[in-house]
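The values are calculated or read from the model by the stated rules, or taken from the named source; none is laboratory data. All values reported here derive from a predicted model rather than from experimental measurement. Positions of Cβ are backbone-derived with ideal geometry, glycine not excepted, and every protein chain shown enters the neighbour counts. The accessibility values were calculated without ligands, DNA or RNA, using every heavy atom of the protein model including side chains. Shrake-Rupley method; radii C 1.70, N 1.55, O 1.52, S 1.80 Å.
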Amino acid sequence: SVGLDVLDGVKVADRSSSTFASSLDGNVAGVWIWEQSPSSLLSRYGSIRGASSFGLSYPKVYIDGIEVANPLLMTDINPAVLDHIEVIRGPQGAALYGADAISGVINIVTRHEGTQAGADRTEITSGAGFSQTSYATSSVFTQNHGLTWRGGSSTESGSLAINGTTLGGYVPEAYSRDLKVNGAFRLVTSMAS
């Protein structure tokens, strides 16, 4: 038997998580990810197998059954396109996914269910607030806006998610502006998918 944690994508999106990293953080026991620096694309897995894994290991990551070449670069997936996330912590993943999965496995399944009667569905999210650091002279404005489109049927579907975030001068002469775009298309025929 394998200890498997499953996160429902709809519940993750409802928690106002704007990144894949914040979706996992605190939602799977024993797994957390340090939020990445605005100046870096790489994230750090704070723990996947307990305190001994700080900075030394990362899980094997799959998106819709396809292995990700570098799991440290994929934490910015928009939670709005997730169907569910499966997490196997520790060496149990190696029995199913190979020896390089000794640190665990994260399987990300994106949404391809289409919509009722093939109608398009659009979701808009928006949030704003203020952030404080010891390095800024005053509170800095931060905002996060997202647009997600899904359409099609169970055999032909597509999705597009756009997410924009800004963070003011959190340290002197430094700020962050990010625009992230995720898209997917699925076609299922009698011969292939």
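Here are the numbers:
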quantity: In Å², nearest 10: area of LYS11 left accessible to a 1.4 Å probe; calculated: 130 Å²
quantity: Distance (nanometres) between label positions extended 7 Å along Cα→Cβ at ARG177 and ASP100; calculated: 3.8 nm
quantity: Within-15-Å neighbourhood charge of LEU96 [Cβ basis; K, R +1; D, E -1]; calculated: -2
quantity: Two-decimal Rg/Rh across region 88-185, once Rg and the Kirkwood Rh are taken from alpha-carbon atoms; calculated: 1.17
quantity: Estimated distance in nm for a label pair at ASP5 and SER154, the labels positioned 7 Å out from Cα along Cα-to-Cβ; calculated: 3.1 nm
